[in-house]
1. May I ask you to verify whether residue 32 is at pLDDT 90 or above, within 30 Å of residue 169 (Cβ to Cβ) and among the aliphatic types (A, V, I, L, M)?
2. Between 252, 238, which is modelled with pLDDT under 90, over 22 Å from residue 106 (Cα atoms) and not assigned by TED's automatic domain parsing to the domain that holds residue 34?
3. Of all residues being among the acidic types (Asp, Glu) and out of contact with any strand residue (DSSP E or B) (no Cβ under 7 Å at 6 or more places or on another chain) in segment 238-256, which is farthest from residue 221 (Cα to Cα)? Just the residue, please.
4. Could you list all residues from segment 121-151 that are over 20 Å from residue 22 (Cβ atoms) and not small (Gly, Ala, Ser)?
5. Quick test for you: out of 170, 104, 84, pick the one residue that is at pLDDT 90 or above, in the same structural domain as residue 32 (by TED's automatic domain parsing) and in a strand (DSSP E or B).
6. Those residues that are in contact with a helix residue (DSSP H, G or I) (Cβ under 8 Å, 6 or more places away or on another chain) and among the small types (Gly, Ala, Ser), I need them from segment 53-98; list them, please.
7. Might you check whether a residue that is within 23 Å of the chain's Cα centre (by Cα), more than 25 Å from residue 195 (Cα to Cα), in a loop (DSSP other than H, G, I, E, B) and free of Cβ contacts under 8 Å to residues at least 40 places away in the same chain occurs anywhere in segment 41-57?
8. Give all pairs with beta carbons closer than 8 Å in which a residue from segment 268-297 that is not assigned by TED's automatic domain parsing to the domain that holds residue 310 and at pLDDT below 80 meets a residue that is buried (at least 19 other Cβ atoms within 10 Å of the Cβ) and part of a strand (DSSP E or B); count only pairs at least 6 apart in sequence or on separate chains.
Amino acid sequence: MSSEFLLEQNKNNHLYFSVGDNKYAVNSNCVLEIIKLPMLDYPQKLPNNIVGLMKYNHFVINVVDIRFYLNIEPTPYSTTNEVLIIKTDESIIGIIVDKVEGILPFVTSKVDSLPFIDKKMLIDALYKRNDETIFIINIFSLENIIKGADTFAPYDVQSLFPKDEEAKQLFTTRSTQLAEKEKFQFVHEIYTKDKFISFMLNNNHYGIKLRYIKEVLKDTNIINVPCTPDFIKGIMNLRGDFIAVIDLKKFLNMDSPAGEEKNPIIIVENEDLTLALYIDKINELFEIPDEIIPKNSETSVSFDIIYNDKVHTILNIDRMLKDKRLFITDM
């Protein structure tokens, strides 16, 4: 895979998510991690534009809700809310979102930049996908807004959090888990990691490097194709391009019991081939320090690693896309 191909793909990949009725996106290169909303700290002199503080990798980071900056009335949080951990040139920020939708490569021709952009405008472009508009967040503008001296109307942020004991206990447990994870991490690793997407096959955890992922889809129509190997589930139409859909469990010689017909699909590609991988469930985005990643694996499985107390099998997409079973020749 050429370095130019990787750079272009990583530049255009965006993680998009829901906040209220709208969809927003940030460049995936800025995303360190996605976590469930934990208990936050509330010092007495916290600025009005900050929802709370959170400990992350030995840092204390600001956690924000973009609705405050967009003059949108916030709605109460729940235990299903997630936090994007975002890295800028100078700081790390947490953004509360309702739901992470997936990862998309943004086609430049479909991005509309907004006129009269200044460093305090949170949204600097729009992306049109089918019938919906995704607002692209300028992370560096967000950083300037947080650091700025602008005043915001006072708001009782703590009233947005649930008050029942079950929810409080869950938030507290998540905070404890974050603190435990810090014991095994070093600050410098934040800047020397490679990003992976975690997903499930049966009850096992797997991972794929983010650089190979073109798109993640949660609801796709698959067309059956007769007289093909059993690991080929069919083909799908991705904006005019027909792509083979691989049942990853069968491809890896695992049991593949009948399940949901609308399982998630991960679109992976290198400079030679594009494939759709049919999986059970998308988990989360995580990172692995570069120095522990083995090089030059000769099989579809690169290595195993323990993350969040679970063994993750990391797949070698370059090797997988060269598997001779994927290339059918007429005799």
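1. no
2. Exactly one residue qualifies, and that residue is 252.
3. Per the criteria, the residue is 255.
4. Hits for segment 121-151 are 140, 143, 144, 146, 147, 150, 151.
5. Every option except 84 fails the conditions.
6. Across segment 53-98, the qualifying residues are 78, 91.
7. The answer is no; no qualifying residue exists.
8. none
The values are calculated or read from the model by the stated rules, or taken from the named source; none is laboratory data. Not measured: the values here are computed from a predicted model. Positions of Cβ are generated from backbone atoms using ideal geometry, with glycine treated the same way; all protein chains shown enter the neighbour counts.
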